[in-house]
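Below is one structure, written out as structure tokens; the observations come after it.
The values are calculated or read from the model by the stated rules, or taken from the named source; none is laboratory data. This structure is a prediction, so every number in the text was calculated from the model and none was measured. Reconstructed Cβ throughout: ideal geometry from the backbone, glycine too, with neighbour counts over all protein chains shown.
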Amino acid sequence: MAVIEIEGLAKAYRVYQKKEGLAAAIGGLFRRQYRMVEAVRGIDLCVDQGEFVAFLGPNGAGKTTTLKLLSGVISPTSGTARVMGFVPWRRENAYRRRFALVMGQKNQLWWDLPANESFRLHQQIYRIDRQQFDRTRDELTGMLGVGNLLRQPVRELSLGERMKMELIAALLHSPDVLFLDEPTIGLDVVAQYNIQNFLKHYQQSRKITVLLTSHYMKDILALCHRVVIIALGRIIYDGSLAGIVDQFGGHKVISLQMLNGHVPDQLDRYGELLSSEPPHIKLRVDRGVVPDVLANVLANHSVVDVSVEDPPMEEIIAAMFRRIKDEG
Amino acid sequence: MSLYLRVFLTFARNSLVRDMTFRVNFLIDTFSSVAWVFMNIAFYTLVFQYTPSIGANTGWEKYPFFLFLATGLLINSLVQAFFMTNADEFSELVRTGGLDFALLKPIDTQFLISFTRVDWSALGNLVIGLALMLYALVQLHYAPGPLQIVLFLFYLACGVLIYYSLMIALAATTVWLGRNQTLLDFWFYITNFSRYPMEIYVGRWGTPLRHFFTFLIPVLVVVNVPARILARPFVLQAQSDWLLPVFGAIATIGSLAASRWVFQRALASYRSASS
């Protein structure tokens, strides 16, 4: 069953273009130049109940704008969207009680007060039954290991701890749909791992629908089966992670371990020599010629060990973004 | 208890807890605003050493005027305590994109924005205002009747609501202007006109000014109507005195409706800020 249905959704902004210098600033008082920025250019998307979908794209691709449209924070220029049957930008309370948005770069907790005070406020705003509230809060703080920090002012929490509190605040009303905008930004690897783990278990146990944007490939690898790639305001890929490699990963990496540490000359005739630290060698080879290269290498050289791998996902995505940018 | 009242009480409680965390700051805030009020009272006491009343035959002698001053103090302290910080914060939320979170909550956004913080330190002036009012009434040997007290409280609330409407509408313009840091300055300039009895606005410049700040931006109604309910019994009643309270009630409803309209339009135009 489709929970999120988007058709031809577009959002354009008029942005003031400010020239340098005082004279230009004075001129700007009387006549201003604007530029239209098309943040989202007519996207179509359908997300089923219980899916965990990643939104990938370079900065300025339109990911956050799409999440803000789906949360009803902003209205579109054209197109339609329905989340659980609601039109988000009508901002109906019945809809607002059923979803949550977490933004890694913004915080909604009272800065000078312990997080628990903000949680209580959420309890009232979302009309959560007191016993239910206590149970959910204790469960969430237990899962994230922050139960002992509930009475500490938010400004005295570490970034990772604060992010966990933000997540708890967003989940207290048990939303059916969760929008996550870079929830692990700026966190160290341990905090990132903990939050990934939590999100994975939470989503699996509650079967909620999640849309996640992140620049960290590890988040996406750990959490999402389906990836939507958005660039220049358009969806350019919608499918599995493995599909990205098939579609955009044009080469593989062959790692060789040579006998007696001997590295033969002219290995670069097989492909691009990525590294040579005898006895280990890494070659980047076009996917289509991998079997031929392997056959040749093994026939002509003394090899102890060999492995063939896809290049790191970050590399594939970065190459893809570069290509999209170049093609404009 | 209704949802809105419960949420407001939690806001008030959280604000108090927060203020108490920074208690020195709280004490300095209270002290400076109370000191400002005492300087004002001292100034007007000085003025009345030179003149028996503000304007000839207006009825605004020293103690009736002190009732006027006290009414203004009550209204100002209530507006400062409940709305000033929030309106200021609203401008900042629009500029930084923090308004996003308010728009997500299943509760009226204008309510949420208007009541998030209570500036408890501003309530010090409420006590001073009440004390000044009592002092003036004692000096005048006058005890207002129940109807007068009810009407006074009603128009006091009207005054607070007119000020609030103006303030929230001004703050909402940040959505279109991008930045509105002069909000408090502008607020001070406009409300400055309401600090004096409307009788002083006569003559070539005064009359148009009075009409402008009564009918277009009704700030003259804010203090004048409730203050007259207590202070005017000491002067001759004019027939037109009845018209002003009626207009005051209409102006309150009109101001609230206009500010609601501006606020809703602003929310519809809100474009958030970069992530």
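Residue-by-condition table, conditions (1) free of Cβ contacts under 8 Å to residues at least 60 places away in the same chain; (2) in contact with a Leu (Cβ under 7 Å, 6 or more places away or on another chain); (3) over 30 Å from A:Leu283 (Cα atoms); (4) in the same structural domain as A:Ser275 (by TED's automatic domain parsing):
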site: A:Leu172; (1), (2), (3), (4): yes, no, yes, no
site: A:Phe179; (1), (2), (3), (4): no, yes, yes, no
site: A:Thr184; (1), (2), (3), (4): no, no, yes, no
site: A:His201; (1), (2), (3), (4): yes, no, yes, no
site: A:Ile208; (1), (2), (3), (4): no, yes, yes, no
site: A:Leu232; (1), (2), (3), (4): no, no, yes, no
site: A:Gly239; (1), (2), (3), (4): yes, no, no, no
site: A:Val263; (1), (2), (3), (4): yes, no, no, yes
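Considering only residues in region A:171-197 that are away from every other protein chain (no Cβ under 14 Å) and among the hydrophobic types (A, V, I, L, M, F, W, C), the one that is surrounded by the most Cβ atoms within 10 Å (Cβ to Cβ) turns out to be A:Ile195.
Only residues that are hydroxyl-bearing (Ser, Thr, Tyr) and in contact with an Asp or Glu (Cβ under 8 Å, 6 or more places away or on another chain) were counted in region A:36-67, giving 1. Counting only helices (runs of 4 or more DSSP H) that sit completely within region A:62-170, those holding 1 or more residues that are over 18 Å from A:Phe198 (Cβ atoms) and within 9 Å of chain B (Cβ to nearest Cβ) correspond to A:63-71, A:93-96, A:115-125. Here B:Val7, B:Val24, B:Val34 are screened, and the one residue that is away from chain A (no Cβ under 11 Å) and either surrounded by 11 or more Cβ atoms within 10 Å (Cβ to Cβ) or within 28 Å of B:Thr109 (Cα to Cα) (or both) is B:Val34. Given (1) without any contact (Cβ under 8 Å) to a residue 60 or more places away in the chain; (2) farther than 24 Å from B:Glu61 by Cα; (3) buried (at least 20 other Cβ atoms within 10 Å of the Cβ), identify the lone condition not met by B:Met198. Of everything listed in (1) without any contact (Cβ under 8 Å) to a residue 60 or more places away in the chain; (2) farther than 24 Å from B:Glu61 by Cα; (3) buried (at least 20 other Cβ atoms within 10 Å of the Cβ), B:Met198 misses just condition (2). Part of a helix (DSSP H, G or I), surrounded by 21 or more Cβ atoms within 10 Å (Cβ to Cβ) and more than 14 Å from every other protein chain (Cβ to nearest Cβ): does that describe A:Ile229? Answer is no for this residue. Only one of the numbered conditions (1) surrounded by fewer than 19 Cβ atoms within 10 Å (Cβ to Cβ); (2) within 23 Å of the chain's Cα centre (by Cα); (3) within 14 Å of chain B (Cβ to nearest Cβ); (4) of a type in the set (D, E, K, R) is not met by A:Lys200, and that is (3).
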